[in-house]
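Engineer: Here it is: the structure, laid out below.
The values are calculated or read from the model by the stated rules, or taken from the named source; none is laboratory data. Since the model is a prediction, treat every value here as computed from it, not as a measurement. Heads up, the Cβs are rebuilt from the backbone with ideal geometry, glycines too, and the neighbour counts pull from every protein chain shown.
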Amino acid sequence: MNTELDAIIIGSGAGGAATAFCLAEDGRKILILEKGPELPADGSTQDARAVLREGRFSNREAWADRHGQPLVPSEFYNLGGKTKWYGAALLRFGPDEFAANPAYQYRGWPFPHEELEPYYQQAEALLGVRKFEIEPDTARIVAALKRSSPAWRCAPLPLGLSPCIADHPEEATRFDGFASAHGLKSDAETRLIGRIRGKPNVTVLTGAPVTSLLGEDLAPHKIAGVITKDGAVFRARSVILAAGALSSPRLLQQYLEETGLASTLPSAASVGRNYKSHLLTAVVAWSPSRKRDLLRKTVMLTHEAFPHSSAQPLGATDGEIVAAELPAYTPRWAANLIGGRAFGFFLQTEDGSHPENRVLAPSSAGGLPRLDYDASRIAPSRDEHLRFVRAFKLSLLRAGMVPIAKPIPLSGTAHACGTLIAGEDPANSVVDAEGKVHGVENLYVADGSVLPRSSRVNPALTIYAWALRLASKLAQSLGEVQCAA
């Protein structure tokens with residue numbers, strides 16, 4: 001493709017889709033390159049066996065941890081990215097979560113909360129964010145938790161779901177961790193890419209992994225396009241990295257090494273560093289009574305003693321989901337018995353930034369990318385999380401439920417961010433306040449890689465808002481639209 005494009009967007013998750021939507025609506029000629037395929041709409045993305053036991057739609061790329069041991073990150077490469085699977089909880093970061101907090105190794109944002117406020121509003125409107133009435137079982141559990149300790153606080157959870165989702169039980173019980181078969185979840189494909197895909201100025205290519213960035217001849221600091229796995233070359237006035245916090249830094253690392261910029265750009269030393277993905281623990285609690293709520297994930301719980309932590313219910317748990325996690329020989333009646341009385345929670349604590357927690361591209365052909373992360377490097381966050389989990393389990397016990405906690409392992413990368421961190425100083429950050437890579441022309445980052453802080457809540461809405469702001473400013477810098485869309 002040699003026609004002049006205004007922008008190439010690598011990735012179609014929250015950041016890529018929001019950037020594409022804004023630029024397309026402005027009349028810019030854009031190309032979206034997505035590594036994975038479109039998901040089927042045959043219901044298989046809500047089949048617990050296919051999704052959980054078989055991992056039919058999950059990433060299979062092997063990585064290594066800091067000790068060289070193999071792991072497979074819980075990533076999803078498909079049109080709409082991870083938002084198809086997770087991104088229903090759409091919360092804003094608090095104003096104080098844009099400021100630095102050295103005691104917890106929290107980096108500050110390069111601008112205050114107020115700068116992102118209008119883009120939060122725009123994202124919420126585009127995604128149809130709403131709050132749902134708390135269901136009876138969830139209400140009883142929350143009330144019992146608050147009786148066990150008045151320090152627990154409860155607030156409605158903003159969700160990107162259709163207002164009629166409860167009329168579709170098969171969807172209502174399969175929105176958390178599953179992709180909607182009927183477009184009832186506000187994912188990036190359904191709410192953004194689907195609205196621009198038919199425009200003549202928009203091209204979407206799936207199954208098109210980008211293997212390298214392309215610089216101008218004799219000017220490697222000027223990005224001119226990309227090369228895909230099949231050898232195709234695409235050129236544009238700007239390139240936006242939106243492949244996610246594990247993939248975007250690897251593309252940039254590779255390019256900087258190949259061109260020699262790794263030894264001359266101050267920002268190169270920070271590429272891939274400051275990896276964050278929240279400290280996460282799943283807690284499943286059992287009680288004698290059956291649980292019949294459909295959505296469940298309608299509230300957020302916080303505790304005044306743990307200012308950087310939160311808990312949310314998981315989506316509905318039933319025998320089919322439990323059976324997919326148990327040994328294959330487990331009788332279905334046993335799985336149904338367990339699942340019908342189980343109620344899950346997702347506990348998360350903001351982790352700090354440490355430069356040694358990082359993503360590293362393979363050092364040689366055939367080598368594995370590395371995810372080097374050690375929670376002991378961020379001890380204040382780790383310690384708060386451990387205390388938070390203990391306090392939550394104790395409150396559940398006092399409420400008459402039996403909890404089992406399962407820490408999410410390193411492979412659980414649902415909230416990955418920070419690896420192309422935003423900041424004012426190229427000596428300790430990768431992109432500037434407007435999302436442009438320090439020292440590199442025409443290259444921007446729209447995904448969660450940029451987040452200096454991850455807050456105590458899901459980062460998806462903040463990634464959407466960042467990308468809308470980036471695209472708005474990029475559209476201005478591109479000048480007048482060259483031709484009518």
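Engineer: Take the residues in the range 272-294 that are assigned to a loop (DSSP other than H, G, I, E, B), crowded, with 18+ Cβ neighbours inside 10 Å and charged (D, E, K, R); name whichever of them is modelled with the highest pLDDT.
Structural biologist: Arg273
Engineer: Also, I was wondering about something else. Kindly indicate which of Thr138, Thr173, Thr211 is out of contact with any Cys (no Cβ under 8 Å at 6 or more places or on another chain), in contact (Cβ under 8 Å) with a residue 12 or more places away in the chain and over 30 Å from Arg296 (Cα atoms).
Structural biologist: Thr211
Engineer: Being touching a Leu at 6+ places or on another chain (Cβ under 7 Å) and either free of Cβ contacts under 8 Å to residues at least 12 places away in the same chain or under 20 Å from Ala460 (Cα atoms) (or both) is the filter here, so list the residues in the range 158-170 that pass it.
Structural biologist: So in the range 158-170, the residues touching a Leu at 6+ places or on another chain (Cβ under 7 Å) come out as 158-162, 165-166, 168-169.
Hits for the range 158-170 are Pro158, Leu159, Gly160, Leu161, Ser162.
Engineer: Which residue, of Ile134, Ile193, Ile165, is over 22 Å from the mean Cα position of the chain (by Cα), surrounded by 15 or more Cβ atoms within 10 Å (Cβ to Cβ), of a type in the set (A, V, I, L, M) and under 30 Å from Gly11 (Cα atoms)?
Structural biologist: Working: Ile134 fails: under 30 Å from Gly11 (Cα atoms); Ile193 fails: over 22 Å from the mean Cα position of the chain (by Cα).
Every option except Ile165 fails the conditions.
Engineer: When residues of the range 215-237 are filtered for being under 28 Å from the mean Cα position of the chain (by Cα) and either acidic (Asp, Glu) or farther than 15 Å from Leu31 by Cα (or both), how many remain?
Structural biologist: As a first pass, look at the range 215-237 and keep what is under 28 Å from the mean Cα position of the chain (by Cα): 223-230, 234-237.
Then drop every residue that is not either acidic (Asp, Glu) or farther than 15 Å from Leu31 by Cα (or both), which leaves 223, 229-230.
Within the range 215-237, residues that are under 28 Å from the mean Cα position of the chain (by Cα) and either acidic (Asp, Glu) or farther than 15 Å from Leu31 by Cα (or both) number 3.
Engineer: When residues of the range 251-266 are filtered for being within 27 Å of the chain's Cα centre (by Cα) and either in a loop (DSSP other than H, G, I, E, B) or more than 18 Å from Lys222 (Cβ to Cβ) (or both), how many remain?
Structural biologist: 1
Engineer: Filter the range 435-485 down to the residues that are surrounded by fewer than 24 Cβ atoms within 10 Å (Cβ to Cβ), touching a helix residue (DSSP H, G or I) at 6+ places or on another chain (Cβ under 7 Å) and free of Cβ contacts under 8 Å to residues at least 40 places away in the same chain and list them by number.
Structural biologist: none
Engineer: Say whether the condition of being of a type in the set (Phe, Trp, Tyr), surrounded by 20 or more Cβ atoms within 10 Å (Cβ to Cβ) and assigned to a strand (DSSP E or B) is met by at least one residue in the range 234-250. Quick ask: steps written out before the conclusion?
Structural biologist: First, pick out the residues of the range 234-250 that are of a type in the set (Phe, Trp, Tyr): 234.
Filter again for surrounded by 20 or more Cβ atoms within 10 Å (Cβ to Cβ), leaving 234.
Narrowing further to those that are assigned to a strand (DSSP E or B): 234.
The answer is yes; a qualifying residue exists.
Engineer: Any idea which of (1) assigned to a helix (DSSP H, G or I); (2) in contact with a helix residue (DSSP H, G or I) (Cβ under 6 Å, 6 or more places away or on another chain); (3) modelled with pLDDT of 95 or more is the one Ala269 doesn't satisfy?
Structural biologist: (2)
Engineer: Kindly state which strands (runs of 3 or more DSSP E) lie completely within the range 342-418 and contain at least 1 residues that are of a type in the set (Gly, Ala, Ser) and over 25 Å from Gly81 (Cα atoms). Full working, then the answer.
Structural biologist: Values: elements: 342-349, 358-360, 370-372, 402-407.
Correct list: 342-349, 402-407.
Engineer: Give just the number: which of (1) surrounded by fewer than 21 Cβ atoms within 10 Å (Cβ to Cβ); (2) of a type outside the set (Phe, Trp, Tyr); (3) farther than 17 Å from Gly81 by Cα does Gly177 not satisfy?
Structural biologist: Every condition holds for Gly177 apart from (3).
Engineer: Moving on to the next point. Would you mind telling me which numbered condition in (1) farther than 22 Å from Leu397 by Cα; (2) touching a Ser or Thr at 6+ places or on another chain (Cβ under 7 Å); (3) not charged (D, E, K, R) Leu218 fails?
Structural biologist: Result: Leu218 passes all but (2).
Engineer: Can you confirm whether Asp167 is among the acidic types (Asp, Glu) and more than 22 Å from Ala342 (Cβ to Cβ)? Break it down stepwise before answering.
Structural biologist: Values: among the acidic types (Asp, Glu): yes; more than 22 Å from Ala342 (Cβ to Cβ): yes.
Here the answer is yes, as Asp167 does meet what is asked.
Engineer: Also, quick follow-up: Which residues, taken from the range 1-50, are acidic (Asp, Glu) and under 25 Å from His182 (Cβ atoms)?
Structural biologist: Quick first cut of the range 1-50, residues acidic (Asp, Glu) only: 4, 6, 25-26, 34, 38, 42, 47.
Across the range 1-50, the qualifying residues are Glu34, Glu38, Asp42, Asp47.
Engineer: Which strands (runs of 3 or more DSSP E) does the range 1-117 wholly contain that include 2 or more residues that are crowded, with 22+ Cβ neighbours inside 10 Å and not aromatic (Phe, Trp, Tyr)? Before the answer, list the steps.
Structural biologist: Numbers: elements: 7-10, 30-33, 63-65.
Per the criteria, 7-10, 30-33.
Engineer: Same structure, new question: Looking at (1) at pLDDT below 95; (2) surrounded by 22 or more Cβ atoms within 10 Å (Cβ to Cβ); (3) in contact with a strand residue (DSSP E or B) (Cβ under 8 Å, 6 or more places away or on another chain), which is the only condition Glu350 fails?
Structural biologist: With respect to (1) at pLDDT below 95; (2) surrounded by 22 or more Cβ atoms within 10 Å (Cβ to Cβ); (3) in contact with a strand residue (DSSP E or B) (Cβ under 8 Å, 6 or more places away or on another chain), Glu350 is out only on (1).
Engineer: Among the residues of the range 390-408, write down those that are surrounded by 19 or more Cβ atoms within 10 Å (Cβ to Cβ), farther than 18 Å from Gly352 by Cα and under 26 Å from the mean Cα position of the chain (by Cα).
Structural biologist: Answer for the range 390-408, where residues must be surrounded by 19 or more Cβ atoms within 10 Å (Cβ to Cβ), farther than 18 Å from Gly352 by Cα and under 26 Å from the mean Cα position of the chain (by Cα): just Phe392.
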